[in-house]
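The values are calculated or read from the model by the stated rules, or taken from the named source; none is laboratory data. Fair warning: this is a prediction, and the values are worked out from it, not measured in the lab. Cβ coordinates were reconstructed from backbone atoms using ideal geometry, including for glycine residues, and neighbour counts include every protein chain displayed. Just so you know, the surface numbers come from the protein's heavy atoms only, side chains and all, with ligands and any DNA or RNA stripped out. Shrake-Rupley method; radii C 1.70, N 1.55, O 1.52, S 1.80 Å.
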Amino acid sequence: MSDFIVYPAIDIRDGNCVRLFQGDYNQETVYGDSPFEMAASFAKAGAAWIHMVDLDGAKEKRRINHAHVVRAARELDVRIQVGGGIRTEEDVDYYLSNGVDRVILGSVALQYPEFARDMLEKYGGLIAIGLDARDGYVAVNGWLDTSEVTAVELGQEMAAHGAETFIFTDISTDGTMTGPNVEATRQLAEATGVNVIASGGIGTMEDVRNLAEKRNKGIAGVIVGKAIYTGKVDVAEAVKEVQ
């Protein structure tokens, strides 16, 4: 049976751990003032990976909260994947040379596909492609705009150029804890033949189990954010559940 990984999420804005509702920067809840301490607590609970996002970076199109990410990568015994504000090869190299295990390219994969293809060719599995969709269409610029390209179309293009991991977020479910879009996640995995990490809408342990049951369908993991912070999902229990 394929591995299935639970990725506790840390979204960083103004140096704080926050969660947004459906990606809306005006609907923010702050859950802590130390991304490092939050990451340390997840590592202690047994998480093998942590998903970190520089929300300020995503909006401003440049690295802003990178120091918090690098500290966790260097000082904690846990693997880190990071997204947000990664626009140049210098950004990619900065993170990878400072202990980060995987770099996520989001909007840039659609807006500058040649750059994304170059990074996939050079760094291979160290690059993940973030496919954030609203009604099936890829959203860009910190989810502020929606493109005319579907997640499946962009996924197939990136898979053809060597992408090994996609992170698929259904924006309509993100931060709602109403359940993930399992079907759209499975369809993306099937259409691309690439491992897909599900994101958005996780509200219960049952949601985690439902996705883990699809591990042989190409769903390789789940990112859990708000459900952890509100006590609906326990990291240690979730990690143990999917082993």
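Please tell me if VAL103 is aliphatic (A, V, I, L, M) and part of a strand (DSSP E or B).
Details: aliphatic (A, V, I, L, M): yes; part of a strand (DSSP E or B): yes.
Yes; evaluated as a whole, the condition is true for this residue.
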Of everything in region 53-76, what is open to solvent by 20 Å² or more (accessible area, probe 1.4 Å), more than 15 Å from GLY106 (Cβ to Cβ) and not in a loop (DSSP other than H, G, I, E, B)? Give them in sequence order. HIS66, ALA67, HIS68, ARG71, ARG74, GLU75
Please specify each residue of region 38-50 satisfying the condition of being open to solvent by less than 40 Å² (accessible area, probe 1.4 Å) and within 16 Å of ARG71 (Cβ to Cβ). MET38, ALA39, ALA40, PHE42, ALA43, ILE50
Out of region 77-113, which residues are open to solvent by 20 Å² or more (accessible area, probe 1.4 Å), among the polar types (S, T, N, Q) and at pLDDT 95 or above? THR88, SER97, ASN98
Just name the residue that is nearest to ILE10 (Cα to Cα) out of those in region 216-230 that are assigned to a helix (DSSP H, G or I) and open to solvent by less than 30 Å² (accessible area, probe 1.4 Å). ILE228
At pLDDT below 95, open to solvent by 40 Å² or more (accessible area, probe 1.4 Å) and within 24 Å of PRO180 (Cβ to Cβ) - does that describe any residue in region 3-15? yes
Output for region 174-195, where each listed residue is assigned to a helix (DSSP H, G or I) and among the charged types (D, E, K, R): GLU183, ARG186, GLU190
Given the criterion at pLDDT 95 or above, out of contact with any Cys (no Cβ under 6 Å at 6 or more places or on another chain) and in a strand (DSSP E or B), identify the matching residue among ALA163, ALA139, ALA198, ALA116. ALA198
Members of region 1-52 found to be aromatic (Phe, Trp, Tyr) and assigned to a helix (DSSP H, G or I), listed by number: PHE36, PHE42
